Amino acid sequence: MLPVSLPYCLCLLSVFFWEYTHAHAAPPRKRALLVGIGQYASPEWPPLSASYDIQLVKKALQGQGFEGEHNVRVLQDQQATKQGMLQMFQQFLQESRQGDIVVLHFSVHGQQVLDRNGDEVDGLDEALVPYDAPNQFITKEYQGEKHLLDDEIGNFLLQLRGQIGPSGDILVVMDACHSGTNTRGETTVVHSRGAEFPIAPPGLNQPEEMTGTFGLYQEDVHAEKLAPLVVISGTDAGERNYETMDENGNFVGTLSYAFSKVMQQLYKDMTYQQFFEQIQVAVNAKVKGQHPQLEGQANRVVLGGHLIPYQPSFTADHWNIQKRELHVRAGTLYGFLEGSTVGLYPASVSDIGQQPALCEGVVTTASLLDCTVQLNKEISEEVALSSKIMMHRQYFGAMKIAVKVEVAGTLGQTLRDQLSALAEVMLVGEKEDILIKRDSSPQGSLVILSRQDTLFQTTAENAKPATTLQAITNLVQQVAYVRFFRQLSFTNPDRQVIFSIQPYQVKTLTNNKEEVMRFDIQGPVSLTQYRNSAGEITFRDGDFFTFIITNKGTQPAYYTILDIRPNDELDVLIPYGNYTPQAFLIQPGETLDLYQQYHIIYQFAPPYGQEVFKLIATDTPLDLRPILSMTDPATRAAFSSANPWEMLLDHTAQSEHVSNGSVPAPSAHIYSQVIQVNAPKEDE
């Protein structure tokens, strides 16, 4: 043996110790503070569904390793006074340490308050409304002292960032807004978060249009010593932050719902920008036209990289052998809808296509977070509780649209009869998606109201009863049809195909003598210039783009791309032109630019608003063009296909077949993005 010097030995030991300790380092603590106020001390503040929000968010965080009351602090209702919130901030600070992963969630009303330190251009601070805060300015009595100002929250966040340091991570979720009302029409209340007026003296000059965010993220000269910070808010400053309803008719904060849903679908290396884009999709599926906002270091990986990727299997926590029922902690947020079929497999099985299921079961009841499964045969408790539960067929028959008709007389009864015959419609007396009523005009025009918009109003041209009935029926069917597509969601890690928007610089070659317009494709440009300060991707009428497709999964996949336009028109972008569906196949790890590969390029055009692109990746070729191009149900019914996805999506447009809509869930992955389309600059 050759002699070795002692210093060299010590050096080797030091290197070994460093590598060992880093390889076996304990994971960082995951901590959260959840603040929700459903009932306020003052009756002037309308109630919110904050307690339900807290349940959802807490469950979603538990799935990401936020466990235990000492790590997940909750402040609700009368606990959440301004003093109570400030005290909790200090306690949370004292308990924090270097490297913590932190999520702060607020589900409360918001309001603007008179600026006291001159740091706001419009003279107003953004503020959260604690439990004991009034909602009106009273000279010499109340000027916003009990409101929690953005400056105060910002100071807390700055201290917290310093406390946990650059190895930590902070995500703030604000399901609140300082703008909003709680009325729609004359008889129906729609919950939204915020106040119409600020805590400020009468006559204060305010900007006609408010935009922006809570402004909690601020660049700091010592940023390298601080924890990274990302803030996601429910709306733009000038918008209402609506509550929505879950699949069981319970009111819930739209951002809380979207956050909880996307938290279940994280994938490896997912950035906060990608996380935010999926939140946009989930919000748009519930409330069209609401614009969540993003601040901070969005290119970081979610939770500082310490995320738990989505796994498409679950386990049961209770087995009722007499009823052959399993209780599973996975509900509609995971796609476990009533009527869906699941299979039980040994825990060691990774590919369900290689081994038959031990047994199957049907989801009989489902909430957002839990479900009950009725099995088709008896099994032992040990097998029931140790098996991996995976979706076999997802059922969509329950995705009906709730319609309330407030029209008296023969016309009202005819409307109810005609709508009740549609399988995609459910007539209700409350918690409706669509309200049909007469307005307060002298002629009592019929109007159809969604939760945010007037969808239809009778005029001299369409006021004939037969015309009105047909127009209303067609509109309700179209709303139900498009809403189905907006909410359609599957996650399959094996076929995880995603896309990004790639803008292109294109010069239009005009020639009055030529009937066909020609274009000079000059090349791709950075998407960064199309992102606004709130993280939204914003294009203008006339801008050109294509898609970049990436397969992050382990299996080849065929893909199709749908376009849901701001006016709820549906179009198929891929397959394109004369290409067959078989042409759009992408291999694992492959990335394709559709212009470079197929010379496919698109141009944005009116109408303006939020446009949704939805990619469906499947194991077999999929062509929806014949289905979506057929507007006559009788014609559409004649189309046949062996592809279960084509059958499902065809059935959603046929009222006589909608209740049969189910599809093999493991075969598909869906990825969506929301894009804002605006008018050209010269038109503004």
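Every read-out reported here was derived from the displayed coordinates using simple, explicitly stated rules and does not represent laboratory data. Predicted, not measured: the structure shown is a model, and the values here were computed from it. Every residue, glycine among them, receives a Cβ derived from its backbone with ideal geometry; neighbour counts consider all protein chains shown.
Worth pointing out:
- Of the peptides 127-137, 58-68, the order by per-residue mean of other Cβ atoms within 10 Å, starting with the highest, comes out as 127-137, 58-68.
- Cβ-Cβ FRET estimate between Ser441 and Gln159, R0 fixed at 56 Å, reported to 0.05: 0.50
- Extension gain (nm, one decimal) between Leu411 and Asn248, 0.36 nm per residue minus Cα-Cα: 55.7 nm
- Excluding same-chain neighbours fewer than eight residues apart, the lysines reachable from Lys146 by a Cα-Cα span under 21 Å are Lys82.
- Here the calculated FRET efficiency for Glu95 and Thr508, from their Cβ-Cβ distance with R0 = 41 Å, stands at 0.10, rounded to the nearest 0.05.
- Ordering of 385-395, 297-307 by burial proxy (mean other Cβ atoms within 10 Å per residue, highest first): 385-395, 297-307
- Anisotropy class of the stretch 289-409 from Cα gyration tensor, a/c 1.5 cut: oblate
- Under 16 Å from Lys552, Cα to Cα: lysines that are on another chain or at least 8 residues apart: Lys268
- When the listed pairs Lys58/Lys225; Lys288/Lys614; Lys261/Lys323; Lys286/Lys404; Lys286/Lys614 are checked against a 22 Å cut-off, the alpha-carbon distance exceeds it for Lys58/Lys225; Lys261/Lys323.
- Amide H contacts under 5 Å for Val172, placed H, 5+ residues apart: Leu104, Val230, Val231, Ile232
- At full extension, Thr538 and Asp571 could sit 9.9 nm farther apart than now, given 0.36 nm per residue minus the alpha carbon distance.
- Part-to-part distance (alpha-carbon centres) for the stretch 561-575 and the stretch 34-108, which is given in Å: 39
- Highest mean packing first, where packing is the average number of other Cβ atoms within 10 Å per residue, the peptides 74-83, 257-266 line up as 257-266, 74-83.
- Neighbour net charge for Leu303 - beta-carbon separation under 13 angstrom, K R +1, D E -1: +2
- Spin-label pair Gln487/Asp132, simplified geometry with 7 Å Cα→Cβ offset, distance in nm: 4.1
- Set of lysines with alpha-carbon distance to Lys507 below 27 Å, sequence-local pairs under 8 removed: Lys681
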